[in-house]
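K.L.:
Here you go, one structure.
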Amino acid sequence: MKLPGITRRDFVRLGAGAAALAGAEGSRAGAAIKSTLLKAPELAAQTAQSGRKIRFVSIGTGIRGCDLLRAAKLAPAGICVGAADLYAMRHKAAQEAYGAEFATTRDYRELLDRKDVDAVIIATPDHQHKRITLDAIAAGKDVYCEKPMSHSVADGFAMAEAVQAGKRIFQAGSQRVSSILYAKAREIYASGRLGEVHSIDARWNRNTPGGAWIYPIPPDAGPATVDWEAFLRDAPPRPFDALRFFRWRMFADYGEGLGGDLFVHLLSGIQVITGINTVASRAYSSGGLYHFKDGRDFPDQIETVYDYPDAANGGLQVHLHCNQNNDDGDEGLSFFGSTGTLAVTGRTVTFTPQETTPRFEAYGWGGMTEAQRKQGLEEWRAAHPQQQPALARTLAESFALPQGYNDTAEHIANFFRAVETREHVVEDEIFGNHAAIGCHLANYSYFHRAIATWDPASQSIKG
Ligand SMILES: NC(=O)c1ccc[n+]([C@@H]2O[C@H](COP(=O)([O-])OP(=O)(O)OC[C@H]3O[C@@H](n4cnc5c(N)ncnc54)[C@H](O)[C@@H]3O)[C@@H](O)[C@H]2O)c1
């Protein structure tokens, strides 16, 4: 589906960087566009009010764990004082990513035993999120846990209960919810300018081997360099398999496929922009494994239609789709309202008003006589003396992220602030659990070839 707003490609085509758009007025498909560059807050200035840094450790320092450490460098309220990973080389990778030396270990429990540690960042495969979160909370630490929060519906509720019983701060890791871009989208949505919204379409498409989780397997990977036994905690036993260790997203024992990888970002975005923090009442998925027939468990193309019980608006349909075989339209969310459309891409938010000026709709008069049509037009003009029959020119508004903006650093800074102030984070255990359940609903429907219904009373999915 073509985005009604500016796509990332349009944005690049329109000018050499976002600065070229700032304050400018362009024109696209008959609608004038007023474009504004958003201003990023100064994270470097946000040190802890007490002057004391939040001391955190990183558990899981693979691709994302290293990314988080690079981003954490930009959020000076915290300082990394240790890291745990099951693969030896990732201890060094973590130190390189953060640009400092700290204690490293294979066994994260050694870090949790330390009294000088306030918080943990968990970036392990999803099947380990529950165990490590529960251990961290038992040790009195606050937790930033990568998305999707849970590997199963039961895991998510166990984690949320533990967070609340332990009175800990918990932030799930869908960093876009902390982005200034999503804050702008939320502001526009909340202003009511979209009118009634009953339809949301969101997509994330890729077309590269890396986009299909075909990640490098280092030649030294083996039982001597990898703690395979620890990796298999909370997963079925099997002999060492480097492919499963480094490409775990392909397998249902450890990940949730496109649902856990990408749907969760889209659902978190929808939750934060609309303020609808709940679980869909039902979901239906279709798709298939069309290209990457390499032994993986998950489809490389999936579409899911959700029905949400949006009490304020009388119902909402959400359509998500992800593709690993064509990246057209890459990442985007569109909110279709009766008086406007909000389109969010990776770097822009665009609001385009719907043309709702009353006009003489000649089409319906096509089967009448000329005399009837003439009379109809005269009556319409008499009833609408102020109205122009032609479409008015609409003014779309677009907002773009500044170059170099890092929403992960923003999300981590939000977590550090909450650890210090004990105030709410943007993506707490309830929010994160709801978004993760959306992935589980999608996968349930795909694998059972049935509509997945959410049963709030039993907190479970019914067929
Ligand atoms: N927010 C985002 O945009 C984003 C992007 C990528 C990944 N993620 C999430 O981050 C998490 C990690 O993904 P990744 O791509 O970095 O995977 P990865 O395989 O590159 O890294 C995971 C690391 O966790 C380590 N690990 C596993 N179990 C462990 C344990 N018990 N103790 C210590 N270390 C352990 C592994 O050794 C590995 O190095 C996943 O939950 C994923 O969904 C989020």
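K.L.:
Magnitude of the Cβ-charge dipole of region 49-128, K/R +1 and D/E -1, about the Cα centre, nearest 20 debye?
P.N.:
Working: 12 positive and 10 negative charges, 41 e Å.
So the dipole magnitude of region 49-128 works out to roughly 200 debye.
K.L.:
Would you work out which of Gln386, Ala221, Pro236 lies farthest towards the positive end of the dipole of the chain? Charges go on Cβ: Lys and Arg +1, Asp and Glu -1.
P.N.:
Working it through, the farthest residue towards the positive pole turns out to be Gln386.
K.L.:
When the Karplus curve 6.51 cos²θ - 1.76 cosθ + 1.60 is applied with θ = phi - 60°, which whole-Hz ³J(HN,Hα) does each residue of region 338-354 get, with x for Gly and Pro?
P.N.:
Each residue's phi maps through the Karplus curve to give 5, 10, x, 10, 10, 10, 10, 10, x, 10, 9, 10, 10, 10, 10, x, 7 Hz.
K.L.:
So what's the angle, to the nearest 10 degrees on a 0 to 90 scale, between helix 370-383 and the longest Cα principal axis of the chain?
P.N.:
70 degrees
K.L.:
Summarise the long-distance tail of P(r) for region 190-330 by giving the % of C-alpha pairs beyond 23 Å. Mind showing how you got there, number by number?
P.N.:
Numbers: 4662 of 9870 pairs.
Of all Cα-Cα distances in region 190-330, 47 percent exceed 23 Å.
K.L.:
Hey, how many Å between the Cα centroid of region 100-158 and the Cα centroid of region 263-310?
P.N.:
26 Å
K.L.:
Need the list of aspartates and glutamates near Lys184 for cross-linking: C-alpha distance under 13 angstrom, and skip anything on the same chain fewer than eight residues off.
P.N.:
The qualifying aspartates and glutamates are Glu397.
K.L.:
Please state, as a whole number in µm²/s, the translational diffusion coefficient that the Stokes-Einstein equation yields for region 47-139 at 10 °C and 1.306 mPa s, with Rh defined as the Kirkwood radius across alpha carbon pairs.
P.N.:
Values: Rh = 13.1 Å.
Estimated via Stokes-Einstein, D reaches 121 µm²/s.
K.L.:
For a Förster distance of 25 Å, can you work out the FRET efficiency between the beta-carbons of Lys167 and Arg109, rounded to the nearest 0.05? Please report the intermediate quantities before stating the final value.
P.N.:
Values: r = 22 Å, r/R0 = 0.86.
For Lys167 and Arg109, the calculated efficiency is 0.70.
K.L.:
Show me the chymotrypsin sites (Phe, Trp or Tyr not before Pro) within region 263-322 that DSSP assigns to loop and that have at most 12 other Cβ atoms within 10 Å of their Cβ.
P.N.:
Numbers: sites: Phe263, Tyr284, Tyr290, Phe292, Tyr306; in loops: Tyr290, Phe292.
Here the sparse-neighbourhood loop sites are Tyr290.
K.L.:
Something else about it: Compute the accessible area per residue over region 30-142, keeping the other protein chains in place, probe 1.4 Å, unit Å².
P.N.:
43 Å²
K.L.:
Another question, then. Name the long-range amide H neighbours of Arg55: under 5 Å, sequence gap of 5 or more, or other chain; modelled H, no Pro or chain starts.
P.N.:
Ile79, Asp118, Ala119
K.L.:
Here's something else I'd like to know. Please identify the longest segment of the chain free of exposed trypsin sites (Lys or Arg not before Pro), where exposed means a DSSP state other than H, G, I, E or B and no more than 12 other Cβ atoms within 10 Å.
P.N.:
Segment 294-392 is the longest.
K.L.:
May I ask for the longest run of the chain untouched by GluC sites (Glu not before Pro) that are loop-located per DSSP and have at most 10 neighbouring C-beta atoms (other than their own) within 10 Å? Walk me through the numbers on the way to the answer.
P.N.:
On the way: sites that count: Glu42, Glu101, Glu361, Glu423.
The reported range is 102-360.
K.L.:
How large is the Rg to Rh ratio of the chain when both quantities use alpha carbon positions and Rh follows Kirkwood? All intermediate terms of the calculation are to be shown ahead of the outcome.
P.N.:
Numbers: Rg = 24.7 Å, Rh = 23.9 Å.
Here the Rg-to-Rh quotient is 1.03.
K.L.:
Percent relative contact order of the chain, based on C-alpha pairs within less than 8 angstrom and at least six residues apart?
P.N.:
With pairs under 8 Å counted, the relative contact order is 23 percent.
K.L.:
Turning to a different aspect of this structure: Distance between Cα centroids, region 398-463 to region 57-80: provide it in whole Å.
P.N.:
Using only Cα atoms to place each centre, the spacing works out to 20 Å.
K.L.:
Shifting gears a bit: Be a star and scan region 297-325 for residues whose amide nitrogen sits under 13 Å from the point 7 Å along the Cα-to-Cβ vector of Asn277.
P.N.:
none
K.L.:
Compute the angle between helix 180-190 and the longest alpha-carbon principal axis of the chain, please, reported from 0 to 90 degrees and rounded to the nearest 10.
P.N.:
40 degrees
K.L.:
Can you tell me the relative contact order of region 211-350? Whole percent, Cα pairs under 8 Å, sequence separation 6 or more. Intermediate values should be presented prior to the final figure.
P.N.:
On the way: 168 pairs, mean separation 22.7, N = 140.
For region 211-350, the relative contact order is 16 percent.
K.L.:
May I pose another question? Once every DSSP H run of n ≥ 4 in the chain is given -39500 (n - 2.57) and the sum is divided by its residues, what mean residue ellipticity at 222 nm do you get, rounded to the nearest 500 deg cm²/dmol? Before the final figure, lay out each step's value.
P.N.:
Working: 13 runs with 135 residues, N = 463.
Dividing the helical sum by the residues of the chain leaves -8500 deg cm²/dmol.
K.L.:
Using alpha carbons only, what's the Rg to Rh ratio of region 294-414 with Rh from Kirkwood?
P.N.:
Working: Rg = 22.7 Å, Rh = 19.7 Å.
Over the Cα atoms of region 294-414, Rg/Rh equals 1.15.
K.L.:
What part of the accessible area of the chain, given as a whole %, is carbon or sulfur when the probe is 1.4 angstrom?
P.N.:
Result for the chain: 52 percent of the exposed heavy-atom area is carbon or sulfur.
K.L.:
What do you get for the angle between helix 264-274 and the principal long axis of the chain? Use alpha-carbon atoms, 0 to 90 degrees, nearest ten.
P.N.:
Approximately 50 degrees, to the nearest 10.
The values are calculated or read from the model by the stated rules, or taken from the named source; none is laboratory data. For clarity, every value in this text was computed on a predicted model and none was experimentally measured. As a convention, Cβ positions derive from the backbone with ideal geometry for all residues, glycine included, and neighbour counts pool all protein chains shown. Protein only, heavy atoms only, side chains kept; ligands, DNA and RNA dropped before computing areas. Shrake-Rupley method; radii C 1.70, N 1.55, O 1.52, S 1.80 Å.
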